[in-house]
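To keep things clear, I will list the structure first and then write my remarks on it.
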Amino acid sequence: MIRVENLTVAYGAFKALTDISVDLGQRGQVHSIIGPNGAGKSTFMDAIVGKRRPSAGRIFYKDRDISRETIQWRRKNGMARSFQKTSIFPGLTIFEQLDLVATHLDEPDLDAIIDTMDLREVLHVEATRAAYGVQRRVDVALGLIGRPDILLLDEPGAGLSAEETVHLFRHLRNLAAERNIAAVVVEHDVEAVFALSDLVTVLDLGRHLATGTPAEIRANPQVVAAYLGTAA
Amino acid sequence: MTSATLSLRPASRVRLPIFGGLALAVFLAGFLLPGYLEGGYLQSMLNNGFITGILALCVAFVMHQCGLVLFGIATYYGIAAYVCAILVNSFGFSAPSAAALALLAALVSAFLIGAIVIRVKPLAFMMICLSLAELMRHLVALPSLRGMTGGSDGLVFMPEGRILGIDAMDMLDSARVWPLIWSATWVVAGIFLVVALSHFGVRLRAIKENEERMRFSGFDTYWPRVLAFAGVGLAAGVAGVLQALASGFASPEMFSIITSTNALLAAITGGVSSVVGPVLGGVIYTWAISEFGAMGYSQLFTGISVILVILFIPRGVLHPLRLLLRKGGRA
């Protein structure tokens with residue numbers, strides 16, 4: 001669904017991403033992006049969703065060059081994201097924020113999203129008063145509204161326990177399958193990634209190291225040397 | 001009204017008819033007030049208090065819905081007053097036509113200014129708004145414009161015609177103009193309340209809460225705030241027209257930092273998260289200035305009072321009352 005061609009993103013003289021080419025986002029699958037700190041994972045995500053303009057290269061979405069399209073255009077055309085740091089509307093109730101976005105994006109079945117993300121019991125709670133795990137689910141629910149074709153999640157397990165992260169990943173896998181959407185996930189928890197991803201892309205120092213199934217990535221000597229070490 | 005109330009939870013829906021009935025009774029009773037006050041000083045102070053209350057409503061709306069401190073509301077208040085006075089004096093317009101065009105001028109100027117300032121950071125927003133008001137104060141006082149604006153002496157004008165059944169000349173009488181000020185305050189407060197409760201109001205608060213998330217949810221985050229700013233300018237224009245008609249006078253001081261400060265402090269005194277608070281704040285603040293002024297310590301006592309309010313009841317004088325009512329309701 002997304003084709004990245006020779007993507008380079010620079011902050012002044014520093015290149016956060018260099019000449020990356022990769023295909024992402026098969027419907028019904030979870031595609032994870034991993035790599036050590038400073039690998040450029042979040043910058044890569046930002047470039048795809050339009051928060052960072054590419055310094056060079058192009059990004060195609062459903063065969064259309066979207067390198068210059070706005071964030072709003074991308075969202076309205078089926079590209080949703082969640083954030084590394086929970087990004088919701090703390091002063092609004094959970095229902096207010098879900099309803100606001102659902103109305104704007106013509107979501108036909110908000111009830112299903114509420115149930116899928118297990119939010120019915122906390123609908124009238126002001127988001128800031130909700131537990132952190134609930135806030136993460138609200139973040140993902142906001143991304144699910146409007147029937148996106150692709151959901152990009154930046155470290156959805158941040159701040160969650162290992163058990164909660166695995167639970168969230170299982171949830172994502174089911175969502176991707178049930179709703180036939182592509183999930184692209186940046187995540188640090190390598191075990192959760194290998195257990196529940198269909199494809200894995202590895203970045204290192206802003207460069208594309210490898211893409212493959214979890215088994216292929218585990219066996220890739222370059223990846224083992226640069227990132228996994230003996231932990232894998 | 002807290003943001004929690006604005007979300008209209010089920011419990012709030014139950015209380016809505018009670019508050020609605022109470023509000024209607026207070027609204028109707030307000031028209032009887034001049035009979036008790038018998039015009040004069042108290043009535044005049046109340047009129048000024050409510051006009052300040054409308055300005056405070058504007059400041060409170062921008063603070064609560066957009067998260068910005070509007071320290072320059074005097075711009076639209078003054079523009080409306082001057083346009084009204086100039087149209088009557090220099091072009092022979094009747095009071096209703098001059099008032100309508102004055103409101104249009106306030107709306108258009110707020111829209112144009114809002115389109116520029118809404119993009120900047122909060123501190124810059126505050127300073128640009130304040131600077132614009134000061135700029136306008138100097139502009140209308142320019143000797144070269146004296147023929148039209150009255151220069152630093154201000155502009156006395158004698159409007160003709162009727163507005164909502166009240167003869168324009170009668171509006172100089174504080175008791176006769178009261179129904180207009182009272183009704184206008186309710187209309188402005190009502191519109192602000194409806195907007196705050198609406199989808200548009202939630203959208204504004206969501207932009208305030210997390211603009212980046214709004215953009216990533218497919219929303220335009222610029223135009224809603226520009227429209228809100230223009231609406232606030234229009235409401236401030238209502239206050240400006242009322243003040244001009246009630247006094248038959250427009251002066252450069254209408255643009256002064258004191259006007260903007262009074263509105264801001266009145267909003268803080270009453271509390272910015274409701275529509276009743278800022279109006280109450282306007283009345284209390286105007287009364288306090290007047291009383292402290294009579295003692296000869298206006299600025300000293302007003303300063304002390306504002307500090308005490310900010311320290312001990314930072315959510316405004318209405319907040320403790322609301323807590324008491326809530327406790328009473330539970331008991």
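At a glance:
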{"quantity": "Where B:Glu160 falls short, out of the listed (1) touching a Phe, Trp or Tyr at 6+ places or on another chain (Cβ under 8 Å); (2) assigned to a loop (DSSP other than H, G, I, E, B)", "calculated": "(1)"}
{"quantity": "Selection status of A:Ser67, over 26 Å from A:Ala158 (Cα atoms), of a type in the set (Gly, Ala, Ser), modelled with pLDDT under 95 and surrounded by fewer than 19 Cβ atoms within 10 Å (Cβ to Cβ)", "calculated": "yes"}
{"quantity": "Top-ranked residue of segment A:141-157 - restricted to ones that are buried (at least 18 other Cβ atoms within 10 Å of the Cβ) and assigned to a loop (DSSP other than H, G, I, E, B), ranked as modelled with the lowest pLDDT", "calculated": "A:Gly157"}
{"quantity": "Hits in segment B:48-99 (condition: polar (S, T, N, Q), surrounded by fewer than 24 Cβ atoms within 10 Å (Cβ to Cβ) and in a helix (DSSP H, G or I))", "calculated": "B:Asn48, B:Asn89, B:Ser90, B:Ser97"}
{"quantity": "Residue pairs meeting the criteria (Cβ under 9 Å; at least 6 apart or on separate chains; first crowded, with 16+ Cβ neighbours inside 10 Å, in segment B:304-321; second aromatic (Phe, Trp, Tyr))", "calculated": "B:Ser305/B:Tyr285; B:Ser305/B:Phe292; B:Val306/B:Tyr285"}
{"quantity": "Checking A:Arg58 against (1) in contact (Cβ under 8 Å) with a residue 40 or more places away in the chain; (2) out of contact with any strand residue (DSSP E or B) (no Cβ under 8 Å at 6 or more places or on another chain), the condition it does not meet", "calculated": "(2)"}
{"quantity": "Residues of segment B:149-175 classified as under 18 Å from B:Ser94 (Cβ atoms) and of a type in the set (D, E, K, R), total", "calculated": "4"}
{"quantity": "Residue within segment A:33-41 that is among the hydrophobic types (A, V, I, L, M, F, W, C), farther than 20 Å from A:Gly12 by Cβ and surrounded by fewer than 17 Cβ atoms within 10 Å (Cβ to Cβ) present", "calculated": "no"}
{"quantity": "Among the residues listed as A:Val184, A:Val190, A:Val166, the single one being away from chain B (no Cβ under 13 Å) and at pLDDT 90 or above", "calculated": "A:Val184"}
{"quantity": "Verdict on A:Arg136 being buried (at least 19 other Cβ atoms within 10 Å of the Cβ), among the basic types (Lys, Arg) and either in contact with a Lys or Arg (Cβ under 6 Å, 6 or more places away or on another chain) or part of a helix (DSSP H, G or I) (or both)", "calculated": "yes"}
{"quantity": "For A:Glu164: the one exception among (1) in a helix (DSSP H, G or I); (2) under 19 Å from B:Ser217 (Cβ atoms); (3) over 15 Å from the mean Cα position of the chain (by Cα)", "calculated": "(2)"}
{"quantity": "Selection within segment A:113-131 - surrounded by 14 or more Cβ atoms within 10 Å (Cβ to Cβ), at the interface with another protein chain (Cβ under 10 Å from one of its Cβ atoms) and in a helix (DSSP H, G or I)", "calculated": "A:Ala127"}
{"quantity": "Complete set of residues in segment B:196-225 that are surrounded by fewer than 17 Cβ atoms within 10 Å (Cβ to Cβ), more than 7 Å from every other protein chain (Cβ to nearest Cβ) and either of a type outside the set (Phe, Trp, Tyr) or in a helix (DSSP H, G or I) (or both)", "calculated": "B:Leu197, B:Ser198, B:Phe200, B:Glu211, B:Trp223"}
{"quantity": "Qualifying positions in segment B:274-291 - more than 15 Å from B:Leu42 (Cα to Cα) and either surrounded by fewer than 23 Cβ atoms within 10 Å (Cβ to Cβ) or among the basic types (Lys, Arg) (or both)", "calculated": "B:Val276, B:Leu280"}
{"quantity": "Helices (runs of 4 or more DSSP H) lying entirely in segment B:267-331 (those with 2 or more residues that are touching a helix residue (DSSP H, G or I) at 6+ places or on another chain (Cβ under 6 Å))", "calculated": "B:276-295, B:298-312"}
{"quantity": "Residue count, segment A:1-54 (criterion: among the aliphatic types (A, V, I, L, M) and outside any strand (DSSP E or B))", "calculated": "7"}
{"quantity": "Candidates A:Arg136, A:Arg147, filtered to the one that is on the phi < 0 side of the Ramachandran plot and basic (Lys, Arg)", "calculated": "A:Arg136"}
{"quantity": "Hits in segment A:63-112 (condition: of a type outside the set (A, V, I, L, M), facing another protein chain (nearest Cβ under 8 Å), within 25 Å of A:Gln26 (Cα to Cα) and part of a helix (DSSP H, G or I))", "calculated": "A:Gln72, A:Arg75, A:Lys76"}
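Condition check ((1) in contact with a strand residue (DSSP E or B) (Cβ under 9 Å, 6 or more places away or on another chain); (2) of a type in the set (Lys, Arg); (3) closer than 21 Å to B:Ala263 by Cβ) across all residues:
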{"residue": "B:Gly78", "(1), (2), (3)": "yes, no, yes"}
{"residue": "B:Ala95", "(1), (2), (3)": "yes, no, no"}
{"residue": "B:Leu101", "(1), (2), (3)": "no, no, no"}
{"residue": "B:Leu123", "(1), (2), (3)": "no, no, yes"}
{"residue": "B:Met127", "(1), (2), (3)": "no, no, yes"}
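The values are calculated or read from the model by the stated rules, or taken from the named source; none is laboratory data. Predicted, not measured: the structure shown is a model, and the values here were computed from it. Ideal geometry is used to build each Cβ from the backbone, glycine not excepted, and the neighbour counts take in all protein chains shown.
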